[in-house]
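Here the structure is laid out as C-alpha cells; the discussion comes afterwards.
Throughout, read-outs are computed from the coordinates displayed, never taken from laboratory work. Please read these numbers as outputs of a predicted model, since none were measured by experiment. All Cβ positions, glycine included, derive from the backbone under ideal geometry; neighbour counts span all protein chains shown.
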Amino acid sequence: MTLVVVVVAAVVAIATYLTWLARRLDRLGVRVDAARAGLLTQLVARAAAAAALASSRGLAPLEAVAEQSAAGHLALRSGAPLDTAVEETENQLSRALRAPEVASSGQGAPELLHAVDSAAARVALARQLHNDAVRDLRALRGRRLVRVLRLGGRRPLPAYFEIDDALPAWVETPFVPAAGDIPFRRPVADAAAALGDVPDTQPEAAP
C-alpha cells in the first residue's frame, strides 16, 4: 500500500511539473510574440519620424533610407522574420540618423528632431525587451527534459534582434513646447512610459 502511494505521488508530481513546463513555454511564446509586435511598432514609428524630419529639412539621403526601412516593415507585419536583412536595413537608418548634416539641419525643426530622438530611444528599449523574452524562451527550451519530450513543439527558436540602436548625438538645442503642450522630457523617460505596460520580465518560480 505504501509503495502504491509513493508511486502515485511521484506520478502526480511529475505530471504537475510537466504541465507547468508546458504552460510556461506557452506563456513565454506569447511574451515573445508581444515583444516582437512592440518592437515592430517602435521601428515603424522611428522610420516615420525620420521620414518626416527628412522631408521637412530636405535631407534626401535620410529620406531614402527611411523609405527603405518602411518598405521592409510591410513584410514584417505579414509575419516575415526579423532576420539579418532587416537588421542591416535598420542599421543603415541608425547610421543615417547620426550623420552630422542631420543634426545640424534638424536644429531648424526641434519638434521633429525631438520626435526622432524619442522614437530612437523607444526602439532601444523595445529591442531590449524583445531580446530578454527571446533569451528566456531559448533557455527554457534548451533544457534537456524539454528537448527530450519535445515540449517546445516544432515551432522554430526565436532569434535575437541585434542592431546598432545607439541614440543620435544631437547638438544640444532645447525643445520649447508651445502653450498647452506636454512639457519636454528626455527621450528615455518617454520611452519608459510608453513601454510601461509590457508584461513583467521577471522569471516565474517553479512549483
Label-point separation (nm) for Val11 and Arg27, each offset 7 Å from Cα along Cα-to-Cβ? 2.7 nm
Values of log10 I(q)/I(0), in the order q = 0.14 Å⁻¹, for the stretch 14-160 under a Debye, Cα-only, solvent-free model: -0.70
For the stretch 104-114, 3J(HN,Hα) per residue [Karplus equation, 6.51 cos²θ - 1.76 cosθ + 1.60, θ = phi - 60°, Hz, x = Gly/Pro]: 6, 5, x, 5, x, 9, x, 5, 5, 5, 5
Residues Ala34 and Glu87, FRET efficiency given R0 of 22 Å [Cβ-Cβ distance, rounded to 0.05]: 0.60
